[in-house]
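The values are calculated or read from the model by the stated rules, or taken from the named source; none is laboratory data. Please read these numbers as outputs of a predicted model, since none were measured by experiment. Note that each Cβ is placed from the backbone with ideal geometry, even for glycine, and that neighbours are counted across all protein chains shown.
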Amino acid sequence: MTAKNDAQLIETITLLILVNIQSLQCGVLSIDLMIDQVREPSLKKGLQMFVNDRDDENIKDTLNEDLYLKDDCQNLVVEGVCMLA
């Protein structure tokens, strides 16, 4: 794993933690403004599906269909968003 991949994993984990805290404190709809700032396309899509009240299996299936090259960060995105849902 490269330093770039490590940094991306740390950024993704941090964002998922912040989203979780925000949704617990202020409700799921409150993270809608955060989504606009997300750079990772699959994470952005997954979070939007979460806000739109899609269930975790639906989110997982949709994101897995979109992922062509699986790496640790993309797997983290899928699992992280599903844990939120």
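What about Ile10, is it at pLDDT below 90 and in contact with a helix residue (DSSP H, G or I) (Cβ under 7 Å, 6 or more places away or on another chain)? Judged against the criteria, Ile10 is not a match. Within the range 36-52, the set of residues being at pLDDT below 90 and of a type in the set (Val, Ile, Thr) comprises just one member, Val38.
Could you list, in sequence order, the residues of the range 1-55 that are of a type in the set (Val, Ile, Thr) and free of Cβ contacts under 8 Å to residues at least 12 places away in the same chain? Walk me through how you get there before you give the answer.
To start, the set of residues in the range 1-55 that are of a type in the set (Val, Ile, Thr) comprises 2, 10, 12-14, 17, 19, 21, 28, 31, 35, 38, 51.
Hits for the range 1-55 are Thr2, Ile10, Thr14, Ile17, Ile21.
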